[in-house]
2 protein chains.
Amino acid sequence: MSMIVNRRDIDFYLYEMLDLEGLLKNDRYQEHDRDTVTAILDLAQQIAEEAFLPCAAELDEHEPVFESGRAVTPDSLKACLKTFVEAGLPAATFDAALGGMQLPMLVANFMQGIFQAANGSAVGYIFLTTSNAHMLEACGSDALRARYLPPLVEGRWFGTMCLSEPHAGSSLSDIRCMAEPLGDGSFKLTGTKMWISGGDQDVSENIVHMVLARTPGAPAGVKGISLFLVPKYRVTETGEIGDFNHVALAGLNHKMGQRGITNTLLNFGEGGECLGYLVGAEHEGLKNMFHMMNEARIGVGMGAAMSGLAGYLYSLDYARNRPQGRHPGIKDPNSPMLPIIEHADIRRLLMEQKVTVEGSIALLSYCTQLVDQQVMAEDAAEKERLTLLLELLTPVAKSWPSEYTLEANKHAIQILGGYGYTREYPVERHYRDNRLNPIHEGTHGIQGMDLLGRKVNLAGGKALDLLGQEIQSLLDEASGIPQLEPLAASLKEAWQDVTTTVSAVNDHADVLARLANATPFLDAFGHVVIAWLWLWQAVIAQRAIEKEPSVDADFYQGKLAACTFFYRYHLPQAREKLSYVGSMDRTALDAKATWFTGG
Amino acid sequence: MSMIVNRRDIDFYLYEMLDLEGLLKNDRYQEHDRDTVTAILDLAQQIAEEAFLPCAAELDEHEPVFESGRAVTPDSLKACLKTFVEAGLPAATFDAALGGMQLPMLVANFMQGIFQAANGSAVGYIFLTTSNAHMLEACGSDALRARYLPPLVEGRWFGTMCLSEPHAGSSLSDIRCMAEPLGDGSFKLTGTKMWISGGDQDVSENIVHMVLARTPGAPAGVKGISLFLVPKYRVTETGEIGDFNHVALAGLNHKMGQRGITNTLLNFGEGGECLGYLVGAEHEGLKNMFHMMNEARIGVGMGAAMSGLAGYLYSLDYARNRPQGRHPGIKDPNSPMLPIIEHADIRRLLMEQKVTVEGSIALLSYCTQLVDQQVMAEDAAEKERLTLLLELLTPVAKSWPSEYTLEANKHAIQILGGYGYTREYPVERHYRDNRLNPIHEGTHGIQGMDLLGRKVNLAGGKALDLLGQEIQSLLDEASGIPQLEPLAASLKEAWQDVTTTVSAVNDHADVLARLANATPFLDAFGHVVIAWLWLWQAVIAQRAIEKEPSVDADFYQGKLAACTFFYRYHLPQAREKLSYVGSMDRTALDAKATWFTGG
């Protein structure tokens, strides 16, 4: 049993729940079929298990250090990233014209996920690079693309995203970094960026920073933000690496987890001129940056889900092999101890992990398929439908896995007991790594505001209607399956709760009260979405069992049990949350700052 | 504002909610009054803030190391413990005849709590010593007490508890450590103990281990376990430290948090004879060890609550001072940024922490007062009442704070955002420290089994009835206060849910199904208990406001808001949990080991 991936489960999402084979029929993917996809995932799993997994604990214990103004990383990091690059994997999603493998995102997402489960912080350098390059591909000029894309796609250079500043984390409207035009098409960058993952390292030959900054005279707020490509080392016209571009490393942040990837404070233009190049139009920086941010949000959700999966698989293996205690009621102390998976509470902790982790992976898979379908869609209405669904679900795909697979990691530790609390076992590391995910790429609270303040009303509520139609389609399918009818009825009611809540919120005059429970709404809405995805899985499982009872029966029974568990143990709590969101509860909102401690 | 304690709130528990002044009227406490209690807490706060808090981050970053078979601790640990010992604080709870301060546990608990908030792992050495000495005082022979108690009370020697072994963590029935009588009243100890906090260190002159072991021919299981005092260095008849007693340090465990206190693997009798001395009667070791375990369980709950408090106070201070963003609907990007406490979601995260932390402290205070009242009770029926209440509430007092203040620490990190995820700020350390608490001193699952499998039926259900009477008394008090009537009605219904659930469980034939949801029952039962304690606080607050509206109005309004919040946001979820406990839901129980991954 692999400690980082359940390939049978991946095949379930790719071929039974979603339609990868249909997608692969498109001309764009003519180089690929089920066999090549399997071969690529085999390769990913092999490299992840042989090169990335073995050094994860070491990278955690020996994080990169700041020496003489630069970040020095451990050799084991360089070695595993070299293996990844030499296998050509950085090019997975890029067009063949760029030397890429031209894989669907749905496949690339699992390829990435396998590495995230093995060693999330090490592979973070690569996935930032990938989304950085995707943004450059989408928004950059031909000249910039020609000069910078190839080394990024090849993985020779790495990329970053530079948004936050020390005084402006979530509040991008307040950034101060400046970019002054030099008259030759280039800009002179000055200012400080904070929390920049991979902002310095000694692994890649160069670093391509994507930086939000203001131009002179730009309007205040987000409308005055532009996007700049700023290399660590300047690049000659022929693509050679030139002089240092004065992106000075001011310091490293020392994190609770995710220690393999540097997190930096960067001073642009300290000690010399720092040159940058406009990406996309002036003042449209934030809009363009969302190309990278939306991809990164899905990536964060997937990273969380895979941290959850790694903890789940490890604790499952432990539970199957660790003997301890006996059933309640067994009085003979000489009777053999049971593997702890035989204890009801351990099974409950495993089931909690299963519903959360596999629910999250189903959500990320669905969203990634939407991305692929967008690329393929030729009909404008269909493209809009896919875009609206993806926009609506992105805050959920980022947040729900981040919040709830952290809880799953907590359960994995609990199953290992004292062992789980030590750094000799990986489960506590996954817990620490995962704690970042509700913070970066838009905090949990920001995602809640995005969902309840904006996304549920996108296109006049059309996005929400479209999701309702998806859910209704599933309810129609489930209606013929007697075992699942009670669950379908619960889902139907829960979705009604969602739409009723959204209406109540929209009808309320006070914007503060409307959004005071945006985070609980995000959590509850996420539960309803996950409930939908679980019922979907249960429908497939039930049909498979009826069709061929002897094939993969354990796998499908597990899906059915997990679905039942989620509906019994989680969905009711979500509906209860919706009731106080809908009542615009203001208990916390109305609490004065002085009330918390009485002075 | 202190970062580790809210003294106004402590006074609330001691003098408004509970009756410390009444307790102090007993002859036993004639040396103490409100002024001396304040002076002791002042002293504790001063030492905690000046000696313990400043080195907490350093101890976390530089944990004790294993060198040539011994544990070497940082100098800063030795220095802060020296300050504690020299102030005479280890003697807080002991009788004056032993040189102690003879303080009520209710006061000592807060004194300890202040140190737990400042630097929980450092002070852990002392509190293990205190409960070790309490057990020796209660169960040891005169000779053992005379030789070992004074240096423990003075804090010159430290104590441990040695229960688990590598193959037997929760399953004490299976321990293998042996103690063979040598004929002179001493025993020869052999075997290995795991997870021993403070099992070796270079701070105290000697270490007094309390060890569970079997004597030759002892019955299998817990009925054959005896308790032994085993010193690190042998002690002469005159109390001088003699030869090494061959308690060999085999290794240190490297923990996620709580890094200041060593956690050890000990080999008794490796390399030479290891002598031990029977404490209490043979084969009654586990019963005697419960003297220490019950005290330690309350101590774990208090440590968790104080980790929660430290995170709460730090994040509250940060929220009051960190400017970021503007209210939704404010379009002018040039308007000043708000302190983040003005944002609704930050207030919600603070309120979540307040209800959990102060609810936990109220619970621990109530339980500690029960301990004090037990000491004072002269009437047998009253003593039994207090004992039953304490027995019933101990698993809750250990578990609820451990589980839910961990969640509070998670929220503290979230308020600080990226900063909260770095080791430059203390909130992530509290989160890591606190993660141990649901594991040690009986896991969360074990506590659930203890509560639902044993404690709710203690003395034929009398313990549960007694708690019901306490709740009814409060409901009677609240019935005259119109603002609180809806909350009182909810509490009444929730308590009915509890008793209905217990009856349903008791009526069910299958013991596995009965206990399959013991942990959710523990959580839900804990919520109902905390709801009772919040309503109690609200009654006091409402009366205080009505009596003198101008005195401490913010403090009391905060209590009222927190109570309302807990009833709106948490109590309904607990009642929903009780419904599946009562239905003996077996979804997880019936899941086969092969279902989780399908093979």
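The values are calculated or read from the model by the stated rules, or taken from the named source; none is laboratory data. This structure is a prediction, so every number in the text was calculated from the model and none was measured. Positions of Cβ are backbone-derived with ideal geometry, glycine not excepted, and every protein chain shown enters the neighbour counts. Just so you know, the surface numbers come from the protein's heavy atoms only, side chains and all, with ligands and any DNA or RNA stripped out. Shrake-Rupley method; radii C 1.70, N 1.55, O 1.52, S 1.80 Å.
So here's what we get for this one:
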item	result
Theoretical FRET efficiency, 1/(1+(r/R0)^6), r = Cβ-Cβ of residue A:35 and residue A:377, R0 22 Å, to 0.05	0.25
Span from the the stretch B:253-276 Cα centroid across to the the stretch B:288-330 one, whole angstrom	30
Cβ-based net charge around residue B:459, under 12 Å, with every Lys or Arg adding one and every Asp or Glu removing one	+1
Calculated FRET value between residue B:61 and residue A:182, using beta carbons and R₀ = 51 Å, to 0.05	0.70
Radius, Kirkwood style, for chain B when every pair of distinct Cα atoms is counted (Å)	25.2
Solvent-accessible surface ranking, highest first, for A:379, B:523 at 1.4 angstrom	A:379, B:523
Relative contact order (%) - criterion: Cα under 8 Å, at least six apart; region: chain A	12
In order through the stretch B:216-232: 3J(HN,Hα) via Karplus (6.51 cos²θ - 1.76 cosθ + 1.60), integer Hz, x for Gly, Pro	x, x, 5, x, 5, x, 5, 6, x, 9, 10, 10, 10, 8, 10, x, 5
B versus A: buried accessible surface, summed, Å² (probe 1.4 Å, to nearest 100)	9100
Viscosity 1.306 mPa s, temperature 10 °C, Stokes-Einstein D of the stretch B:545-591 from Kirkwood C-alpha radius, µm²/s	117
The stretch A:1-147 shape via C-alpha gyration tensor axes, a/c threshold 1.5	oblate
Mean separation of Cα contacts under 8 Å (6+ apart) over length of the stretch B:295-401, as relative contact order %	39
Span per principal axis, largest first, for the Cα atoms of the stretch B:314-365 (Å)	49, 19, 7
For the stretch A:5-21, 3J(HN,Hα) per residue [Karplus equation, 6.51 cos²θ - 1.76 cosθ + 1.60, θ = phi - 60°, Hz, x = Gly/Pro]	7, 10, 5, 4, 5, 4, 4, 4, 5, 5, 10, 9, 8, 9, 10, 5, 5
Order of exposure, largest accessible area first, which applies to A:61, B:31, A:407 with probe 1.4 Å	B:31, A:61, A:407
In Å, descending, principal axis extents of the Cα set of the protein assembly as shown	89, 71, 61
Estimated FRET transfer efficiency (residue A:424, residue A:72; beta-carbon r; R0 22 Å; 0.05)	0.25
Helix-derived mean residue ellipticity, 222 nm - over chain A, DSSP H n ≥ 4, -39500 (n - 2.57), to 500	-18000 deg cm²/dmol
Out-of-range pairs (alpha-carbon distance over 18 Å; input A:559/B:592; B:223/B:455; A:410/B:410; A:82/A:398)	B:223/B:455; A:82/A:398
Per-residue HN-Hα couplings for the stretch A:471-478 [Karplus 6.51, -1.76, 1.60; θ = phi - 60°; Hz; x = Gly/Pro]	5, 4, 4, 5, 4, 4, 5, 6
Beta bridges by DSSP in chain A, antiparallel share as percent, to the nearest 5	80
Spin-label model distance (nm) - residue B:223 vs residue A:504, 7 Å beyond Cα toward Cβ	5.8
For the stretch A:136-208, share of DSSP beta bridges that run antiparallel, in % to the nearest 5	60
Three semi-axes of the equivalent ellipsoid, the stretch B:414-572, Cα gyration tensor, whole Å, largest first	31, 28, 12
D_trans [Stokes-Einstein, Kirkwood Rh over alpha-carbon pairs] for the stretch B:77-201, 37 °C, 0.692 mPa s, µm² s⁻¹	204
Residues whose placed amide H lies under 5 Å from that of residue A:251, excluding near-sequence neighbours	A:265
For residue B:449, solvent-accessible area (1.4 Å; no DNA, RNA or ligand), Å²	80
Charged-residue dipole, Cβ positions (Lys, Arg, Asp, Glu), chain A about Cα centre, Debye nearest 20	1460
All-pairs Cα distance distribution in the stretch A:88-133, expressed in whole percent, bin size 5 Å	6, 22, 32, 27, 10, 3, 0
Shielding by partners, peptide B:174-180 (average Cβ within 10 angstrom, other chains)	1
Residues of the stretch B:582-599 buried by at least 50 Å² on assembly (accessible area, 1.4 Å probe, chain alone as reference)	B:587, B:588, B:593, B:595, B:596, B:597
Solvent-accessible area of residue B:452 with every protein chain in place, 1.4 Å probe, in Å² to the nearest 10	10
Charge sum, other residues only, whose C-beta stays under 11 Å from residue B:450's C-beta, Lys/Arg counted +1 and Asp/Glu -1	+3
For the stretch A:497-599, alpha-carbon Rg relative to the globular expectation (2.2 N^0.38 Å, N residues)	1.53
Nearest-10 value in Å² for the accessible area of residue A:585, using the 1.4 Å probe	20
Residue mean of other protein chain beta carbons inside 10 Å, B:501-513	1
Residue order for B:547, A:188 - accessible surface, 1.4 angstrom probe, largest first	B:547, A:188
Average projected area [Cα convex hull, the stretch B:33-84], square nanometres	4.3
